[in-house]
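Engineer: Handing you this structure, nothing more for now.
The values are calculated or read from the model by the stated rules, or taken from the named source; none is laboratory data. This structure is a prediction, so every number in the text was calculated from the model and none was measured. Neighbour counts are summed over all protein chains in view; Cβ atoms, including those assigned to glycine, are modelled from backbone coordinates with ideal geometry. With ligands, DNA and RNA removed, areas are computed over all heavy atoms of the protein, side chains included. Shrake-Rupley method; radii C 1.70, N 1.55, O 1.52, S 1.80 Å.
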Amino acid sequence: MASDFGLCGPCWRDTPFIAGTVCDSCGVPLPGAADGDRLECDDCMAQPRPWSKGRSALLYEGRARRMVLALKHGDRGELARPAALWMANAARPLLREGMLIAPVPLHWLRLAARRYNQAALLAQHLAGRTGLAQCPDLLRRIRRTQPLGHRTAQERFADLAGSIAVHPGRAHHLAGRDVLLVDDVMTSGATLAACAAACREAGAGEIFVITLARVAKAA
């Protein structure tokens, strides 16, 4: 039987929620205790992020990975509702008054094949949870990129550079406004970086990111 959090008791225990000390840029767990200074993981130090802070609700492994894949490819759109609750809890340190929530976009050909954008579903429910405004079509994929699954981080950043832009008819929503970018998974961060660059170029204020899950390197 599902709980108010969308999972039964045994499933809750088996789901890798992120808690404790985390990277300020991507939300991946870090060893030790927070000391008030900004903390970053190796990946975020090696590849500085074009956003202020980021968080993730889950580690992309085990049950969480299966859940994300079901949401993304398995027509399990109903999973976005409980997932948005977990994301809202993780995103608490990022939330600002008047912030605009925007999902990472899909190219229209991929959207036609998949029939929905899982990031947009998460953003919709996250807006409902937080009371913040959302703009589901703030960003557009202006160039189709190859599937990124087996590409290196450097290839991902090269492929995605300049592939995302702010919708011309939505740019007026940005002017100096803080933005919370939403996606299902952060791997290298290349897609979110392209989105952040587009928002910054269009005149946004501070940019933050929240993902349902974060891929973490094995210790």
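Engineer: Can you work out the Karplus-derived ³J(HN,Hα) for every residue in segment 65-71? Use 6.51 cos²θ - 1.76 cosθ + 1.60 with θ = phi - 60°, whole Hz, and x for glycine or proline.
Structural biologist: 4, 4, 5, 5, 5, 5, 5
Engineer: Let me ask something additional. Using only the Cα atoms of the chain, build the gyration tensor, take square roots of its eigenvalues as a ≥ b ≥ c, and label the shape rounded, prolate or oblate: rounded if a/c is under 1.5, else prolate if a/b is larger than b/c, else oblate. If you can, show how the numbers build up before the last one.
Structural biologist: Details: a/c = 1.30, a/b = 1.18, b/c = 1.11.
Since a/c stays below 1.5, the shape of the chain is classed as rounded.
Engineer: Next question. Please report, as a whole percent, how much of the solvent-accessible surface of the chain comes from carbon and sulfur atoms (probe radius 1.4 Å).
Structural biologist: Taking all protein chains in place, the chain shows 52 percent carbon and sulfur surface.
Engineer: For a label point 7 angstrom out from the Cα of R96 toward its Cβ, which stretches of segment 51-71 have the backbone nitrogen within less than 11 Å?
Structural biologist: 52-53
Engineer: Could you do me a favour and compute the accessible area per residue for the chain, 1.4 Å probe, result in Å²?
Structural biologist: Ligands and nucleic acids excluded, the result is 49 Å² per residue.
Engineer: Using Cα centres only, tell me the gap between segment 154-182 and segment 90-110 in whole Å.
Structural biologist: 11 Å
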